[in-house]
Amino acid sequence: MVGLFVATSATAQKRFDFATDVDRPGWQRVAPDTAYADAIGYGFEPDGGDGALFSVAIAEGDYRVTVWPASSAPLTVWAETRRLMRRATNAPVQFTVNVRQPGLQPVPANAPGGSAVRLNAREQGSRSWDDRLTLGFHGPVARIEIEPVTATRLILLGDSTVADQAGGDYASWGQMLPRFLDDGVSVANHAESGETLKSFLTGLRLDKALSQLRPGDVVLIQFGHNDSKAQWPQTYAEAGTTFRAYLRVYLEEVRRRGGSPVLVTSPHRRTFGADGRITNSHGGYPDAVRAVAREQSVPLIDLTMASARLYEALGAERARLAFANEGNDATHHNAYGAYILAAVIAEGLRDLDDPIAGHVTTDLHLLDLDNPPPPEQFDVRLIPARPIESPSGS
């Protein structure tokens, strides 16, 4: 069963039982033909492709979910817009999911600002912004329990290589990252395709992310892919000057709210030179991020260097197996490429002098990027998705 799940109350524990031949007190029994309806607030939806979708209305917040498999077969669990939560398990699993909506607190009379994030056309109807907690499953599920919790938030700010990707074989490291964290952390992925440091401000995305930020939370910041585009005059930021200045603003906004910022350099595009090495298509932007990290004493996770090692280890032809659109997209990753880069991010988190280091799952083993796991043997397949659609940006 592939499922979508959403719960009804921000304050009450919710329990759903799909084994209709068993009557468990306190559990809502759900028959396989229960169609979603607003009147009851839960049920299966018709657009599950080769699986099933199950929905229940829920408020914005963090929720701990426990899933019981219905058999000994391996179970892989996803959430919201294809965020990988747990991979290939046959035991009950727990994880925490961040659910958000685009609304913002009302601004005072005559004050500038807005009432909601300015979502783009691609985000209309997105599971990342609706009033539902979405769970997807590869494998049979017996029961689901959900309860509101207060967890450390790991907030992600960035572009398409970070954002939850809903279409085709596209994936990002941001949507694979929850798999490497325990249920004490919720990943709030505010990244979106095509975004830059400037557009993240003007679209009120930074406002939304900061509104969810609490003391002790960690914020990963990765920009540069699109900021470099001089042909986008409204959002272009020169690497040596304005780009660095905007990064400093982001860092200070996070710090003054008690959060811990971490800078991330952009992963390389798949641009091989004649010598079999990756050429830099990002210009001075990775160095700008590194310079601000040193200047501001902020931790840095260098995905630019890590991605070059990964692609070069695979070689020019096999590196296509890490990229979306069957390797025809040289910027955006598929599930394999996103998963490996997420593991690099998780290793970076484990090395931080921060409590979040203790929430990285113990089954994360040190990656040897010079000898990566074979992509031909990678066994995580994405849940049903929208038809293939290339993310904004390049």
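Cα to Cα, under 13 Å, and not fewer than 8 places away if on the same chain: which aspartates and glutamates meet these conditions relative to Lys14? Within the straight-line limit of under 13 Å, Lys14 reaches these aspartates and glutamates: Glu145, Glu147. Indicate the gyration tensor shape class of the range 1-149 (rounded, prolate or oblate), computed on the Cα atoms with a ≥ b ≥ c the square roots of the eigenvalues: a/c under 1.5 is rounded; otherwise a/b larger than b/c is prolate and the rest oblate. It comes out prolate by the Cα gyration axes. Multiplying the residue separation of Ala111 and Thr202 by 0.36 nm and removing their Cα-Cα distance gives an extension gain of 31.2 nm.
All other residues with a Cβ under 15 Å from the Cβ of Gly26 taken together, and with Lys, Arg as +1 and Asp, Glu as -1, what is their net charge? It works out to a net charge of +1. What does a probe at Arg248 reach in the range 266-293, counting residues whose amide N is under 11 Å from the point 7 Å along Cα→Cβ? Only 292 fall inside the zone, counting backbone N under 11 Å. Cα centroids of the range 17-40 and the range 292-352: 42 Å apart.
Phi-derived couplings, Karplus 6.51 cos²θ - 1.76 cosθ + 1.60 at θ = phi - 60°, listed residue by residue for the range 162-172: 10, 5, 4, 9, 9, x, x, 9, 6, 8, 9 Hz, with x used for Gly and Pro. Counting Lys and Arg as +1 and Asp and Glu as -1 over every other residue whose Cβ lies under 11 Å from the Cβ of Val162, the net charge comes to -4. Of all DSSP-defined beta bridges confined to the range 151-394, some 20% are antiparallel rather than parallel.
Using a cut-off of 14 Å between beta-carbons, work out the net charge of the residues near Val380 (Lys and Arg +1, Asp and Glu -1, Val380 not included).
Values: positive: Arg82, Arg83, Arg86, Arg87, Arg179, Arg381; negative: Asp169, Glu376, Asp379.
Around Val380, the surrounding residues sum to +3.
For the pair Asp368 and Gln231, label points projected 7 Å from Cα toward Cβ lie 4.2 nm apart.
Label-to-label distance for Arg214 and Arg256 is 2.2 nm, based on points extended 7 Å past Cα in the beta-carbon direction.
Quick one: grab the alpha carbon gyration tensor of the range 151-394, order the square roots of its eigenvalues as a ≥ b ≥ c, and give me rounded if a/c is under 1.5, else prolate or oblate depending on whether a/b is larger than b/c. Rounded shape, in that the Cα axes give a/c under 1.5.
Segment Thr34..Leu321, full-extension length gain: 99.4 nm, with 0.36 nm per residue of separation and the alpha-carbon distance subtracted.
Over the chain, Cα pairs under 8 Å with separation of 6+ residues give a relative contact order of 16 percent.
Stretched out straight at 0.36 nm per residue, the stretch from Ala313 to Ala73 would grow longer than its current Cα-Cα span by 83.1 nm.
Each value in this text was obtained by applying a stated rule to the coordinates, not by laboratory testing. Everything quoted here is computed from the prediction, not taken from an experiment. Reconstructed Cβ throughout: ideal geometry from the backbone, glycine too, with neighbour counts over all protein chains shown.
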